[in-house]
């Protein structure tokens, strides 16, 4: 029994490391591909150890960003299906309060649904990873455009560059504020902050671009320097996002079936588990 528990914990640890390292390695690859002359890229490329450490820490950052919970538009579908599962659990248990019954449901999975518990956790982690890959791709495309605007207007439109940078800085600050919350986006105020952040973040580059364009200094050679990288990165971000949503929908649909098939077991688990004391009777 002890060996099985150790093996299970080891599998869980490997799965979480996989979720951290894959987005981290992807971020390192983007960094070296898009900014090969940057000092950090050269340090990473110099030693294998540096690359592994960079992948780990960038993966940890992606993990901490909780894109599926606190970034637009990822949280929309996550919250929709989370509430759908919560509603079904509440209906089976007969819960009338506003609690999520998260602890009760986890106890139910560990004790009454061991045959599907690992599958649920595995594919949920895979969904989180896909969302992080989508976020990294989208941010990479966004900052490629910012770098192109910065280089093109460095001498000709310093004021527009300053204003655009300020807008982007405010957008980043607002997103960091949203990260403070411990749960997924649920309040109208937080949603409004996310919408405002998105608009402000897009307005910044637009100000710089139109100042460059209207000033008559933008030409075809400048546009060719941008290339197709942003379009490709945004396309990849969209594909990762849609694939992640498909996985999340499938995961929740399977749990909806599980909750109804094992309704009696879920009711029994809810009567044996005390969430306030985190103790089984």
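Here are the numbers for the structure shown:
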{"quantity": "Matching option when the condition is under 30 Å from residue 235 (Cα atoms) and in the same structural domain as residue 270 (by TED's automatic domain parsing), among 174, 109", "calculated": "174"}
{"quantity": "Residues of segment 126-156 classified as buried (at least 21 other Cβ atoms within 10 Å of the Cβ) and in a loop (DSSP other than H, G, I, E, B), total", "calculated": "1"}
{"quantity": "Criterion: surrounded by 19 or more Cβ atoms within 10 Å (Cβ to Cβ), out of contact with any strand residue (DSSP E or B) (no Cβ under 9 Å at 6 or more places or on another chain) and either modelled with pLDDT under 85 or part of a helix (DSSP H, G or I) (or both) - qualifying residue of 10, 40, 58, 53", "calculated": "58"}
{"quantity": "Entirely in segment 212-281, the helices (runs of 4 or more DSSP H) that have 3 or more residues that are surrounded by 14 or more Cβ atoms within 10 Å (Cβ to Cβ) and modelled with pLDDT under 90", "calculated": "263-272"}
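The values are calculated or read from the model by the stated rules, or taken from the named source; none is laboratory data. Owing to the predicted nature of the structure, the values given are computational and were not obtained by experimental measurement. Cβ: placed from backbone, ideal geometry, glycine included. Neighbour counts: every protein chain shown.
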